[in-house]
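K.L.:
Got a structure for you, written out below as structure tokens; questions coming shortly.
The values are calculated or read from the model by the stated rules, or taken from the named source; none is laboratory data. Fair warning: this is a prediction, and the values are worked out from it, not measured in the lab. In this analysis, Cβ positions are derived from the backbone assuming ideal geometry, glycine residues included, and neighbour counts consider all displayed protein chains.
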């Protein structure tokens, strides 16, 4: 990161932090939330305040250019100081990753129609990739894709089922992955841009999950004879897996950035509790069992920040960084879960109550170990790389 970039990122991050702490943290008590997340009314209200404060979509500059990954790391961490911060500042998943993908792959016309409303904060989006495991569909292995697409005149017709589609309820922009069986060399995974809602895309149910920070929750979806104009294909036919990786590598890192902010805040709350609360004649923090947990938190938080910066530098160098983003995702998600777990433990009964955001941080970060591929899938992928590298060394 250049000196100019560092100064720019620090300035933006400071504005984001001040806004989240002063304006968004009070919304954590707002009743306009259900088990699946805040209402769209509440999200739009927060975004208007972010716009007025000059921190809406802060990772994308006025000319449409993105901050570098290293700069983005600082900004997204500050937006994550509240579970509501990324929603307010328009840096939340899946929109942040979808904006990145469209910025890299979409045509000029597609950007105007589908990307601009996302950048402005006027619309939400959903990425339709994961399928029901019980039907043998694609989960962590997208090669198992069962949703199909076939060309019919100047339209593609899509049929299939999707599951755990974050934010599908209420989204206005959809990115749908399906598999073409074309035999002319253009077969394979394809991505399509879709206006939502569409009667051919039905929500079967919104699944009750451990987390509660995503508007619209995580839905199970039926797609029946969805007709998409050919010019709404994202990129080229058969290149869907490649485009998905363009999105997923930095998106994994963005998750790390945001949840590092949440874990940092949970640690702040637990530290304040341990320094104020007395037991057995002294503050909790002076008891080794508690003080050492907070010390371990500090170590995990610092290591997570260093890992994120390391991976961000690799992505900024022009490398796809798939292996590196897998390593970062595993290391950071596991470390931040340890932080959240210790915060709950330090605070005892208060830690499992709704009196602070610590219990929500615990739930959200636990789910993060599943988001964008479970820890075990990433380790399996890394083990395959280790074997490939070993074979290469053997000649």
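K.L.:
Inside region 124-147, can you point out the residues that are surrounded by 18 or more Cβ atoms within 10 Å (Cβ to Cβ) and free of Cβ contacts under 8 Å to residues at least 60 places away in the same chain? Let's see the steps before the verdict.
P.N.:
Of the residues in region 124-147, the ones surrounded by 18 or more Cβ atoms within 10 Å (Cβ to Cβ) are 124-132, 137-138, 142, 145, 147.
If the condition is that a residue be surrounded by 18 or more Cβ atoms within 10 Å (Cβ to Cβ) and free of Cβ contacts under 8 Å to residues at least 60 places away in the same chain, then 125, 130, 131, 137, 138, 145 are the ones that fit.
K.L.:
How about region 48-62: which of its residues are over 18 Å from residue 118 (Cβ atoms) and part of a helix (DSSP H, G or I)? Show your work before the answer.
P.N.:
Restricting attention to region 48-62, the residues satisfying the condition of being over 18 Å from residue 118 (Cβ atoms) are 49, 52-54.
The answer is 49, 52, 53.
K.L.:
Could you pull out the residue among 121, 103 that is touching a residue at least 12 places away in the same chain (Cβ under 8 Å) and in contact with a strand residue (DSSP E or B) (Cβ under 8 Å, 6 or more places away or on another chain)?
P.N.:
Criteria check complete, one pass: 103.
K.L.:
Being more than 28 Å from residue 186 (Cα to Cα), modelled with pLDDT of 95 or more and buried (at least 19 other Cβ atoms within 10 Å of the Cβ) narrows it down to one of 219, 279, so name that one. Quick ask: steps written out before the conclusion?
P.N.:
Details: 279 fails: buried (at least 19 other Cβ atoms within 10 Å of the Cβ).
After applying the criteria, what remains is 219.
K.L.:
Name the residues in region 71-122 that are surrounded by fewer than 18 Cβ atoms within 10 Å (Cβ to Cβ) and either assigned by TED's automatic domain parsing to the domain that holds residue 201 or under 20 Å from residue 55 (Cβ atoms) (or both), would you?
P.N.:
Listed by number, the residues that qualify are 103, 116, 117, 120, 122.
K.L.:
Separate question: Could we say that residue 170 is on the phi > 0 side of the Ramachandran plot, surrounded by fewer than 21 Cβ atoms within 10 Å (Cβ to Cβ) and over 21 Å from the mean Cα position of the chain (by Cα) here?
P.N.:
no
K.L.:
I'd like the full set of residues that are in a helix (DSSP H, G or I) and out of contact with any strand residue (DSSP E or B) (no Cβ under 8 Å at 6 or more places or on another chain), limited to region 63-82. I'd like the intermediate steps shown before the answer.
P.N.:
From region 63-82, those in a helix (DSSP H, G or I) are 69-79; that's our starting set.
Matches in region 63-82: 69, 70, 71, 73, 74, 75, 76, 77, 78, 79.
K.L.:
Which number in (1) under 17 Å from the mean Cα position of the chain (by Cα); (2) in a loop (DSSP other than H, G, I, E, B); (3) over 30 Å from residue 65 (Cβ atoms) marks the one condition that residue 371 misses?
P.N.:
Result: residue 371 passes all but (3).
Yes/no per residue for (1) more than 19 Å from residue 114 (Cα to Cα); (2) part of a loop (DSSP other than H, G, I, E, B); (3) modelled with pLDDT of 95 or more:
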site: 160; (1), (2), (3): yes, no, yes
site: 164; (1), (2), (3): yes, no, yes
site: 168; (1), (2), (3): no, yes, yes
site: 171; (1), (2), (3): no, yes, yes
site: 177; (1), (2), (3): no, no, yes
site: 184; (1), (2), (3): yes, yes, no
site: 202; (1), (2), (3): yes, no, yes
site: 214; (1), (2), (3): yes, yes, no
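K.L.:
Somewhere in region 318-329, is a residue assigned by TED's automatic domain parsing to the domain that holds residue 377 and free of Cβ contacts under 8 Å to residues at least 12 places away in the same chain? Spell out how you get there, then give the answer.
P.N.:
Step one: filter region 318-329 for residues assigned by TED's automatic domain parsing to the domain that holds residue 377, giving 318-329.
Narrowing the set further to residues that are free of Cβ contacts under 8 Å to residues at least 12 places away in the same chain leaves 318-319.
Taking every residue of region 318-329 in turn, at least one turns out to be assigned by TED's automatic domain parsing to the domain that holds residue 377 and free of Cβ contacts under 8 Å to residues at least 12 places away in the same chain.
K.L.:
Taking the condition within 21 Å of residue 117 (Cα to Cα), out of contact with any strand residue (DSSP E or B) (no Cβ under 8 Å at 6 or more places or on another chain) and surrounded by 14 or more Cβ atoms within 10 Å (Cβ to Cβ), does residue 45 pass?
P.N.:
Against the criterion (within 21 Å of residue 117 (Cα to Cα), out of contact with any strand residue (DSSP E or B) (no Cβ under 8 Å at 6 or more places or on another chain) and surrounded by 14 or more Cβ atoms within 10 Å (Cβ to Cβ)), residue 45 qualifies.
K.L.:
With 334, 286, 300, 272 as the choices, which residue is over 30 Å from residue 65 (Cα atoms) and buried (at least 20 other Cβ atoms within 10 Å of the Cβ)? So that I can check it myself, show each step before the final result.
P.N.:
Details: 334 fails: buried (at least 20 other Cβ atoms within 10 Å of the Cβ); 286 fails: buried (at least 20 other Cβ atoms within 10 Å of the Cβ); 272 fails: buried (at least 20 other Cβ atoms within 10 Å of the Cβ).
Answer to the selection: 300.
K.L.:
Separate question: Please work out which residue is surrounded by the most Cβ atoms within 10 Å (Cβ to Cβ), limiting yourself to region 188-205 and to residues that are within 26 Å of residue 242 (Cα to Cα) and out of contact with any helix residue (DSSP H, G or I) (no Cβ under 9 Å at 6 or more places or on another chain).
P.N.:
Here the residue is 201.
K.L.:
Hey, residue 206 hits all of (1) at pLDDT 95 or above; (2) part of a helix (DSSP H, G or I) but one; which does it fall short on?
P.N.:
(2) is the only condition that residue 206 fails.
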